[in-house]
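Beneath this line is the structure, given in structure tokens, with notes to follow.
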Ligand SMILES: Nc1ncnc2c1ncn2[C@@H]1O[C@H](COP(=O)(O)OP(=O)(O)OP(=O)(O)O)[C@@H](O)[C@H]1O
Ligand SMILES: [Mg+2]
């Protein structure tokens with residue numbers, strides 16, 4: 001089983017949005033996917049609760065008490081992390097992950113917080129050993145804004161502990177499609193392609209990375 005952790009210490013960066021949409025993406029592909037919510041706010045669990053009957057199945061895991069009971073046969077486990085994950089708790093979260101996606105909002109406050117958090121993350125033994133693969137994405141980007149290109153620039157120059165470039169994959173725009181999807185328990189991949197064409201296009205580099213060997217540790221067999 002593969003574990004994808006959606007992580008950023010900063011609140012409101014888009015962890016739940018990425019986790020739920022990604023769960024929808026895998027479910028549509030017919031992959032047995034479970035979505036674990038570790039946040040006492042229970043946003044992912046709320047999203048699952050309003051998911052229309054008959055939608056491709058996403059299994060719910062209530063991890064708000066710290067326990068993760070993963071159903072047998074799960075192929076992909078997506079973990080929606082709470083904000084303010086630091087220290088030992090952060091280490092525990094990262095321990096079971098093969099892949100970490102870090103959404104960052106292009107605002108000065110968020111970028112500074114992301115820089116600090118990346119420093120903390122990079123110092124973890126598992127990250128140092130490249131036993132987990134990390135990538136960042138921009139989220140809630142207002143098109144053609146200066147701060148978005150600043151984030152572009154910042155993330156583009158990040159280095160992993162082993163000196164390689166920190167993968168920075170794509171920018172997702174701020175759009176009502178995400179609000180509508182959140183409200184209805186759906187992913188943007190379950191909306192009419194014509195209405196979500198730009199969003200799908202923006203997700204493509206992230207999905208390509210997730211479907212490539214670059215997003216799992218060496219020797220990971222699935
Ligand atoms: N690309 C986007 N376009 C429009 N709205 C978005 C987008 N991404 C996130 N949002 C909205 O922004 C708010 C915060 O996003 P989300 O809940 O995914 O962040 P989070 O990191 O999970 O927050 P928290 O730290 O509180 O768990 C939500 O209302 C969400 O619907
Ligand atoms: Mg959340």
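Every read-out reported here was derived from the displayed coordinates using simple, explicitly stated rules and does not represent laboratory data. All of these numbers come straight from a predicted model, not from anything done at the bench. Every residue, glycine as well, gets a Cβ built from its backbone with ideal geometry; the counts of neighbours run over all protein chains shown.
The fewest-to-most ranking of 191, 117 by surrounding Cβ atoms within 10 Å reads 191, 117.
Extension gain for the segment residue 176 to residue 142, taken as residue separation times 0.36 nm less the Cα-Cα distance, is 11.0 nm to one decimal. Just from its helices, what would the mean residue ellipticity at 222 nm be for the chain, if runs of 4 or more DSSP H residues each count -39500 (n - 2.57) and the sum is divided by every residue, rounded to the nearest 500 deg cm²/dmol? Taken over the chain, the calculation gives -11000 deg cm²/dmol. Label-to-label distance, residue 211 versus residue 50, with points set 7 angstrom from Cα along the beta-carbon direction: 3.0 nm.
The label-point distance for residue 184 and residue 72, in a model that sets each label 7 Å from Cα toward Cβ, rounds to 3.6 nm. Picking from 176, 32, 187, which is most flexible by a Gaussian network model of the chain using Cα springs under 10 Å? Looking only at 176, 32, 187, the biggest GNM fluctuation is shown by 176. For segment 2-213, rounded, prolate or oblate, judged on the Cα gyration tensor with a ≥ b ≥ c (square roots of eigenvalues), a/c < 1.5 rounded, else prolate if a/b > b/c? Cα axes put segment 2-213 in the oblate bin. Ranking of 156, 110 by neighbouring Cβ atoms within 10 Å, starting from the fewest: 156, 110. Inter-label distance, residue 165 to residue 84: 3.7 nm, where each label sits 7 Å from its Cα along the C-beta direction.
Using the Cβ-Cβ distance between residue 29 and residue 1 with R0 set to 22 Å, the FRET efficiency works out to roughly 0.90.
Its relative contact order, with pairs defined as Cα atoms under 8 Å and 6+ residues apart, puts the chain at 25 percent.
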